[in-house]
Amino acid sequence: LLIPRGVFLNVEPGVVIQVAATAACSASASFHPDPEHRVLIPICVRGAFQCVGSSKARISIGLAPGAQGKVGWYGIVIDGVKSEFTRISYTDLSGALYAVRIQACEPVIRHCILTENQTAIYCEMGAKPSIFNNNVMNNFGTGFLVRGAVPLIVGNIFTVNLIGLWSDKRSKIRVEYNNFWANADGNFLDATPELGIIKKKIPAVTDDKKKK
């Protein structure tokens, strides 16, 4: 599915999208440079895309019944989108090679559940997304993969992935108030060492202060 530039697609709250798993999953075909020509089916966004559910009417995008628990579609590729109207929230994404792949744009992703994907979120090519209050769990590879990007990652849960967060040395990421635990190969791999460490020093309480 290609959403070309100048086209707006709105997914209503409560919608369920089921993707038929592709039989052919060769790596060379899956990584074709042009997303709409990959063997694994993508949703390629080059226009505007609103996928906004609610707490009582979540949107679901994943594999059709009988194919759950494996990777069978490519995911949502947000490619150089300029529109401020591209955002994903209250949406459950599963079964994808990359649940969301963000390239050279600034979308907002919030209140989503990303599970049983190879990689939940892949951010690259100078992208500056805002990632707020998502549950990233039980993904077969990486929860959040960053290459040459500047994401803001706030208030998310990353758990039971192979790797919580992987970042190259070129990326400048802001990671605040997230919860990382039980990621098999590490919570932070190749990321800046101080991530996850509280650096603020708490002053010692002296005897004089105790008496007051």
Practice item. Provide the FRET efficiency to the nearest 0.05 for the Gln50-Trp181 pair, computing r from the beta carbons and using R0 = 35 Å. Key: 0.60
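Between rounded, prolate and oblate, where does segment 28-182 land on the alpha carbon gyration tensor, with a ≥ b ≥ c its root eigenvalues, rounded for a/c under 1.5, else prolate if a/b exceeds b/c? Intermediate results must be reported in sequence, preceding the final value.
On the way: a/c = 1.18, a/b = 1.07, b/c = 1.11.
Rounded, since a/c falls under 1.5.
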**Study point:** J(HN,Hα) series, segment 159-171, from Karplus relation 6.51 cos²θ - 1.76 cosθ + 1.60, nearest Hz, glycine and proline x
**Key:** 8, 6, 9, 5, 10, x, 9, 10, 9, 7, 7, 8, 7
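Taking all protein chains in place and a 1.4 Å probe, what share, in percent, of the accessible surface of segment 46-122 do carbon and sulfur account for?
Details: 1250 of 2670 Å².
Exposed carbon and sulfur together represent 47 percent of the surface.
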Check your understanding: If you bin every alpha carbon distance in segment 98-175 into 5 Å steps from zero, what whole percent lands in each bin?
Key -> 4, 18, 31, 29, 16, 2
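Could you sort Ile88, Ile17 by their accessible area in this structure, using a 1.4 Å probe and putting the largest first?
Values: Ile88 0, Ile17 55 Å².
The ranking, largest first, comes out as Ile17, Ile88.
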Revision key, fill the gap. In nm, the gap between the two label points placed 7 Å beyond Cα toward Cβ at Met125 and Ala104 is 0.5
Review point. Taking amide hydrogens as modeled 1.01 Å from N in the peptide plane, which residues meet the under 5 Å criterion relative to Ile17, leaving out close sequence neighbours?
Key: Ser60, Ile61, Gly62
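Considering only the other residues whose Cβ falls under 15 Å of the Cβ of Tyr90, what net charge follows from Lys and Arg at +1 and Asp and Glu at -1?
On the way: positive: Lys56, Arg58, Arg87, Arg110; negative: Glu12, Asp92.
After counting each charged neighbour, the total is +2.
Which pairs in the list Lys82/Lys172; Lys82/Lys128; Lys128/Lys169 are over 18 Å apart, alpha-carbon to alpha-carbon? All intermediate terms of the calculation are to be shown ahead of the outcome.
Working: Lys82/Lys172 21 Å; Lys82/Lys128 12 Å; Lys128/Lys169 16 Å.
Long pairs (Cα-Cα over 18 Å): Lys82/Lys172.
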Study note, to complete from the structure: Under the Karplus relation with 6.51, -1.76 and 1.60 and θ = phi - 60°, whole-Hz ³J(HN,Hα) for segment 124-141, x at Gly and Pro, equal 8, 6, x, 4, 10, x, 10, 10, 10, 6, 10, 9, 10, 8, 6, 8, 6, x
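The values are calculated or read from the model by the stated rules, or taken from the named source; none is laboratory data. Since we're looking at a predicted model, the values are computed, not measured. Please note: Cβ atoms are built from the backbone with ideal geometry, for glycine as well, and neighbour counts cover all protein chains shown. Note: areas computed on protein heavy atoms with side chains; ligands, DNA, RNA excluded. Shrake-Rupley method; radii C 1.70, N 1.55, O 1.52, S 1.80 Å.
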